[in-house]
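The values are calculated or read from the model by the stated rules, or taken from the named source; none is laboratory data. Not measured: the values here are computed from a predicted model. Virtual Cβ from ideal backbone geometry, glycine too; neighbours counted across all protein chains shown. For accessibility, only protein heavy atoms count, side chains too; no ligands or nucleic acids. Shrake-Rupley method; radii C 1.70, N 1.55, O 1.52, S 1.80 Å.
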Amino acid sequence: MKKLILVATLILTAVCVNAQQVSSRAKAVRMLAYARPEYQVKDVKVYADTMTVFSLADYPIYPFGKWSTVEQYITNNQLQWYRESGYKSFYDTMTVAVNTLRRLDGSNINWYRSIWTNKLEMVAAKITDTAVVLDNGIKVGMSKEEVFKTIFKSYPKSYTAEINVLKVIAGAAEVGEIYTFKGNKLRHIQVISKYKYY
């Protein structure tokens, strides 16, 4: 009898786990259908409390807009930035000139100027300052609903209730943003990149 109960428990556990995976896939497929056309979303993945959106648009690649110089960005956003210039090592063998902009709260943006695009390309960023606004209008302090409505036309609210991390990644997965929520508010924006700096 104990063996029968044990087997039944294992089967029930396997069915529940499989049902949860199907549910995550179903949510991802449905969210894909709700994506705004300007984001050119090609795939959505949901895993535990994280949703990853793969986009072919310029928003993930140029989250602060397209700029040729750091001065253009500073003049345009009219915020007080503390600027540092220096060199950083990447991939053990490369050293590139990187401009770092900092705010008093510790928010920072690292850029390098590409010889191929003649634009500022992202190295990394960490934003906690509510005054810093991304090109798509997202800023720290927004509600989770406002952030998701920037990327999706509409969606069932139950699909995002458990989501604490939203990743919007460029199609080539070289650069993207990570939006971290605490409760119903956006608390942190991080820009990540895997560019080869040349």
For this session: Return only the number of the condition from (1) touching a helix residue (DSSP H, G or I) at 6+ places or on another chain (Cβ under 8 Å); (2) exposed (fewer than 13 other Cβ atoms within 10 Å of the Cβ) that D135 does not satisfy.
Result: (1)
Exercise. Which of (1) part of a strand (DSSP E or B); (2) under 30 Å from R30 (Cβ atoms); (3) of a type in the set (K, R) is the odd one out, the single condition R83 does not satisfy?
Worked result: (2)
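For (1) of a type in the set (D, E, K, R); (2) buried (at least 18 other Cβ atoms within 10 Å of the Cβ); (3) within 19 Å of R36 (Cα to Cα), each residue gets a yes or a no:
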position	(1), (2), (3)
I127	no, yes, no
Y159	no, yes, yes
A173	no, no, no
E177	yes, yes, yes
T180	no, no, no
G183	no, no, no
Seminar exercise, completed: How many residues of the range 95-107 are outside any loop (DSSP other than H, G, I, E, B), of a type outside the set (G, A, S) and either within 16 Å of D135 (Cα to Cα) or more than 22 Å from the chain's Cα centre (by Cα) (or both)? The answer is 2
Seminar exercise, completed: Output for Cβ contacts, cut-off 6 Å, separation at least six or different chains, first residue acidic (D, E) in the range 110-137, second surrounded by 18 or more Cβ atoms within 10 Å (Cβ to Cβ) and not in a loop (DSSP other than H, G, I, E, B), reads E121/Y112
Exercise. If we keep just the residues of the range 43-58 that are charged (D, E, K, R) and in contact with a helix residue (DSSP H, G or I) (Cβ under 8 Å, 6 or more places away or on another chain), which is surrounded by the fewest Cβ atoms within 10 Å (Cβ to Cβ)?
Worked result: D43
For this session: Run L120 past the list (1) open to solvent by less than 30 Å² (accessible area, probe 1.4 Å); (2) within 19 Å of G106 (Cβ to Cβ) and report the number of the one that doesn't hold.
Result: (2)
